[in-house]
Amino acid sequence: MKIFIASFLFFNTLCFSQPYRPYTQGSIGVESSYFNLNKKQHSTIELYLLAKSQFGILSEFANLIGIDKEGHIYSFERYKTLYDECVAEDCTWQINLIHIELLKNKKDRTQMSYTVLEPDWYRSEEVKYDSIRRYHRVEESEEFKRQMSIRSIREVKNINKYNWRYILYYQNDYGR
C-alpha cells in the first residue's frame, strides 16, 4: 500500500511539474474539442487496450490508431489518407490520433498508457518512435524514447475486468 501511495504521489508531482504546451495550429483545421475525448472514445480505447493486453501475443495490435467522436477505429495508414484528403479539401479535422503502449505486464496487473497526439502526425515524437522501433535495433529505439519529452499524466484509471486488474495512464501535455 505504501508503494502505491508513493508512486501515486510521484506521478502527481511529475504531472503538475510539467509545463502546459498548447497545440500550435499546423496545416489542418482542428475542431475545438479535439484533445477532449468523449465517453465513446474512452470506452473504445479501454476495449482496445484490454484486447491488446489479452490477445497481443496472438495478433499484432497497432500502437497508433485513429478514433473519431463516434468511436470508430481507423488504422494509422487510413488516418494518414483521410488527413491528406482533409488538407486538400480544407476541412475541419475530427479524428483523434491515439498512441497506445503496454508499459508493464505483471502477475497481478497490466499497466498501459494512451496519449492523444497532435493531428499533424508527422510532427509527433511517438509516431517517429513507433517507426524507429519497427525498423531499427532495440538499443536505438530505446535511446530515442529516452530523448522524447515526458508526457504529463492527466488521469489514472484502475479497471477490474475479466478477473484481471488494469491500470491505464492517460497522458497528454498539450490538451485543452
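Qualifying trypsin sites (Lys or Arg not before Pro) in the range 80-153, where qualification requires a DSSP coil assignment and no more than 11 other C-beta atoms within 10 Å, comprise LYS106, LYS107, ARG137. A Förster radius of 22 Å combined with the Cβ-Cβ distance from GLU31 to ILE159 puts the calculated FRET efficiency at roughly 0.20. In terms of distances greater than 24 angstrom between alpha carbons, the cross-link table entries LYS40/LYS145; LYS40/LYS104; LYS106/LYS128; LYS40/LYS128; LYS52/LYS128; LYS69/LYS157 yield LYS40/LYS145; LYS40/LYS104; LYS106/LYS128; LYS40/LYS128. Under 5 Å from the amide H of LEU117 lie the amide H atoms of LEU97, ILE98, HIS99, each residue being 5 or more positions distant or on a separate chain, with H modelled from the backbone and absent for Pro and chain starts. In this structure, PHE55 and ASP108 have a Cβ-Cβ separation that, at R0 = 22 Å, corresponds to a calculated FRET efficiency of about 0.70. In the range 70-140, which GluC sites (Glu not before Pro) are in a loop and have at most 11 other Cβ atoms within 10 Å, using DSSP for the loop call? Counting only loop positions with at most 11 other Cβ atoms within 10 Å, the GluC sites (Glu not before Pro) in the range 70-140 are GLU70. DSSP bridge analysis restricted to the range 28-171 gives an antiparallel fraction near 75%, rounded to the nearest 5.
Residues whose amide H comes within less than 5 Å of that of THR110, counting only those at least five positions distant or on another chain, are ARG165, TYR166, ILE167 (H built at 1.01 Å from N in the peptide plane).
Dividing the C-alpha radius of gyration of the range 28-171 by 2.2 N^0.38 Å, with N its residue count, gives 1.07.
Annotation for ALA88 and HIS136: the two label points, set 7 Å from Cα along the Cα-Cβ direction, are 3.2 nm apart.
Each reported figure results from applying straightforward, stated rules to the coordinates on display, with no laboratory input. Please read all numbers here as calculations on a predicted model, not as lab measurements. Cβ atoms come from the backbone with ideal geometry, glycine included; neighbour counts cover every protein chain shown.
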